[in-house]
Amino acid sequence: MPRITLPDPAHMDADQRAVHDRIVNGKRGRIQGPLRAALHNAELAARWSALGELLRYDTSLTPRQSELAILVTGRACNSPFEWHAHRLEGEKAGLSAEILEALLAQQIPAGLDETEHAIVCFARELNAANSVSDATYARALALLGEKAVVELTALVGYYTMVAMTLNTHEIPLPEGVAPPFDLPQRNGL
């Protein structure tokens, strides 16, 4: 059960309903995950959705490259919902079961091309250290170019925000889906 109520379209105010309908009729085709929580503030949900659509669908990264970075981030943030949703997207983008299982185990998968390997290393390091080393940055820059490195960094940051929202509000997985790992401990610091 989520920790907060998730706005129901039948009970949304006009601003919430407009954002809901724009999301459902847009590239996503549905509303799920963190946007369900963000709809408590229609303006937040609208801007969140726009940024997410840009980073997910309109960067110079291929869908496969994006999904690798998102899955690394979802796993690094221990977000079962993010992992589940993007495992399915990763499969659609051509990621093999072996690659997905390695990412789930927080390992660098075998069978990646040079650019994919650099993306996984960049995302892992960014998640672990909140930055990347000169060597990791230089490798990504050489393989991807400046624009894509900026987009990759933004993608990892965006999906960190997504994971934090999903975890904090305990947005539930679809009915019948078992979490691949537990949520982070809630005992506090």
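The values are calculated or read from the model by the stated rules, or taken from the named source; none is laboratory data. Note that the structure is predicted; figures quoted are calculated from it, not measured. Neighbour counts are summed over all protein chains in view; Cβ atoms, including those assigned to glycine, are modelled from backbone coordinates with ideal geometry. With ligands, DNA and RNA removed, areas are computed over all heavy atoms of the protein, side chains included. Shrake-Rupley method; radii C 1.70, N 1.55, O 1.52, S 1.80 Å.
The number of residues in segment 130-142 being among the aliphatic types (A, V, I, L, M) and surrounded by 14 or more Cβ atoms within 10 Å (Cβ to Cβ) comes to 3.
Okay, residues lined up against (1) under 13 Å from residue 72 (Cβ atoms); (2) in contact with a His (Cβ under 9 Å, 6 or more places away or on another chain):
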| residue | (1), (2) |
| --- | --- |
| 92 | no, no |
| 96 | no, no |
| 104 | yes, no |
| 108 | yes, yes |
| 112 | yes, no |
| 116 | yes, no |
| 120 | yes, no |
| 125 | yes, no |
| 132 | yes, no |
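What do you reckon, is residue 154 within 17 Å of the chain's Cα centre (by Cα) and at pLDDT 95 or above? Considered against the rule, which asks whether it is within 17 Å of the chain's Cα centre (by Cα) and at pLDDT 95 or above, residue 154 comes out as yes.
Under the condition of being polar (S, T, N, Q) and under 18 Å from residue 112 (Cβ atoms), which residue from segment 61-97 is most open to solvent (accessible area, probe 1.4 Å)? Give the steps one after another, and end with the answer.
Residues of segment 61-97 polar (S, T, N, Q): 62, 65-66, 73, 78-79, 96.
Applying the additional criterion that residues be under 18 Å from residue 112 (Cβ atoms) yields 62, 65-66, 73, 96.
Working: 62: 62, 65: 28, 66: 3, 73: 0, 96: 41 Å².
Across segment 61-97, the extreme among qualifying residues is 62.
Only residues that are open to solvent by less than 50 Å² (accessible area, probe 1.4 Å) and either within 15 Å of residue 173 (Cα to Cα) or of a type in the set (Val, Ile, Thr) (or both) were counted across segment 25-40, and they come to 5. Could you check segment 102-129 and list, in sequence order, the residues that are open to solvent by 30 Å² or more (accessible area, probe 1.4 Å), touching a Pro at 6+ places or on another chain (Cβ under 8 Å) and without any contact (Cβ under 8 Å) to a residue 24 or more places away in the chain? Across segment 102-129, there are no qualifying residues.
Residues in segment 143-180 that are open to solvent by 30 Å² or more (accessible area, probe 1.4 Å), of a type in the set (Gly, Ala, Ser) and in contact (Cβ under 8 Å) with a residue 60 or more places away in the chain: 154 alone. Where helices (runs of 4 or more DSSP H) fall entirely within segment 32-128, those with at least 3 residues that are not aliphatic (A, V, I, L, M) are at 42-57, 63-76, 80-92.
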